[in-house]
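Below is one structure; the comments refer to it alone.
The values are calculated or read from the model by the stated rules, or taken from the named source; none is laboratory data. All values reported here derive from a predicted model rather than from experimental measurement. Cβ coordinates were reconstructed from backbone atoms using ideal geometry, including for glycine residues, and neighbour counts include every protein chain displayed. The protein model used for the area step is the full one, side chains on, heavy atoms only, and it has no ligands, DNA or RNA in it. Shrake-Rupley method; radii C 1.70, N 1.55, O 1.52, S 1.80 Å.
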Amino acid sequence: MVIRVTRIVLLVQLLIAAVLYLVATRALGMGNPVLAALLAVATVLLVRMLITANNFGLAWLYRSETPHHQRVTRHAAVRLFLSEYLASMVTSSWTMGFCTFSEWRGDAGMLPVLLVHGYGCNSGYWHFMSRALRRAGISHHAIDLEPVFASIDQFVPQLHARIESICRQSGHDKLIIVAHSMGGLVARAYLRDHGAGRVARVITLGTPHRGTGLARFGAGDNSRQMEWSGSAIEGRCSAWLAELERREDPSLRPLLVSIYSHHDNIVSPQLSSCLPGAVNIEFNGIGHVALGLHPRVQQEVITAIRAASHGA
């Protein structure tokens, strides 16, 4: 479904640009076709930029206090916005529609990695992370969670089946999960139901462990389960998240590594991604979608993968 939607979105954008070009050249009489084409494309890009800006604006409403040493300059803030905008454009208009994948086999001596995408995405989100893992020689696999708007609990059997299949094919008893956003909650729900017999480490990127205020603007049961209500200080997470924490085995928390950004524009309050008992690694100046594409984050993930693989 996500592949079809991504391709439709790309087609709609191209059609809108074509219509704007015709309006500029024929209805408005613009004599320079190159300028008309640039204007049409720029208009479409501007609309997409406004969507990204809206996400940052909504995140501001629920924001947690940014530690002083994690604050960014105006120049860095502009770079943050533009990199998140570019990451959103590339993933939603290209990689999720044309770059999905199942697996890549590398060093058989290391534990395999399973990449779990987030809300509204598919394995194509991991295109750039996959390239980094290939350069590092790390075997990795992906999963496409469907249906898109199902409850998080409905994704657990799919994850369980994929984990069993990878372990059976690779000959390893355990693997490492790398999960973005909602995918981290799917991984935690898996640990709740099946334990850590097959999992050496769970590395989450921008996962709303305590929820996000922006989930109220999403569709589906999974959005409702990820909701945060109220301010960063006095608010509360959803009943589902509270129940997940209640039913988890606290002894498994050290298996989790939570990588997050103090400037996440989707997970807000941003400190919702800081998970007590886990290894928390904080970044600044990186947006939500950009987390999986950022070289520094990719290197941190690779370091954590190698440490977990050698310690297994």
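What percent does the relative contact order of the chain come to when contacts are Cα pairs within less than 8 Å and at least six residues apart?
It rounds to 19 percent for the chain.
When the chain is modelled as a GNM with alpha-carbon springs shorter than 10 Å, which of F101, F149, F217 fluctuates the most?
F217
Compute a Gaussian network model of the chain, connecting alpha carbons closer than 10 Å, and tell me which residue from S261, S251, S231 fluctuates the most.
Answer for the Gaussian network model of the chain: S251.
Express the carbon and sulfur contribution to the solvent-accessible surface of the stretch 121-241 as a percent, rounded to the nearest whole number, probe 1.4 angstrom.
49 percent
Taking only Cα atoms and a 10 Å spring cutoff, compute GNM fluctuations for the chain and point out the largest among V199, V23, V41.
Per the Cα network of the chain with a 10 Å cutoff, V23 tops the list.
Would you mind working out the magnitude of the charge dipole of the chain relative to its Cα centre, with +1 at each Lys and Arg C-beta and -1 at each Asp and Glu C-beta, to the nearest 20 Debye?
It works out to roughly 560 debye.
Work out from phi, with θ = phi - 60° and the Karplus expression 6.51 cos²θ - 1.76 cosθ + 1.60, the ³J(HN,Hα) of each residue of the stretch 280-289, listed in order in whole Hz, and give x for Gly and Pro.
After applying 6.51 cos²θ - 1.76 cosθ + 1.60, I find 9, 10, 9, 10, 9, x, 10, x, 5, 5 Hz.
Using modelled backbone amide H atoms (1.01 Å from N, in-plane), which distant-in-sequence or interchain residues come within less than 5 Å of R63's amide H?
none
Please compute the net charge surrounding D153, taking Lys and Arg as +1 and Asp and Glu as -1 over other residues with Cβ under 10 Å from its Cβ.
Net local charge, D153 excluded: -1.
Can you give the local net charge around D173? Use residues other than it whose beta-carbon is closer than 14 angstrom to its beta-carbon, Lys and Arg +1, Asp and Glu -1.
+3
Check L114: other-chain or 5+ apart residues with amide H under 5 Å from its amide H, H built from backbone geometry?
Sorted by chain and number, the residues that satisfy this are H141, I176, I177, V178.
Expressed as a whole percentage, what fraction of the accessible surface of the stretch 35-106 belongs to carbon and sulfur atoms when a 1.4 Å probe is rolled over the protein heavy atoms?
Answer for the stretch 35-106: carbon and sulfur cover 70 percent of the accessible area.
Taking the mean number of other Cβ atoms within 10 Å as a proxy for protection, how do you rank 53-61, 184-192 from highest to lowest?
Highest to lowest by the protection proxy: 184-192, 53-61.
Bin width 10 Å, origin at 0, all Cα-Cα pairs of the chain: what percent of pairs per bin?
Binned Cα distances yield the sequence 6, 27, 34, 21, 8, 3, 1.
Where only protein heavy atoms count, and the probe is 1.4 Å, what is the accessible area per residue for the chain in Å²?
46 Å²
Could you give the DSSP H helices of the chain that reach 15 angstrom or more along their long axis (alpha carbon positions) and whose average Kyte-Doolittle hydropathy is no lower than -1.0?
2-22, 33-62, 74-90, 152-170, 182-194, 295-311
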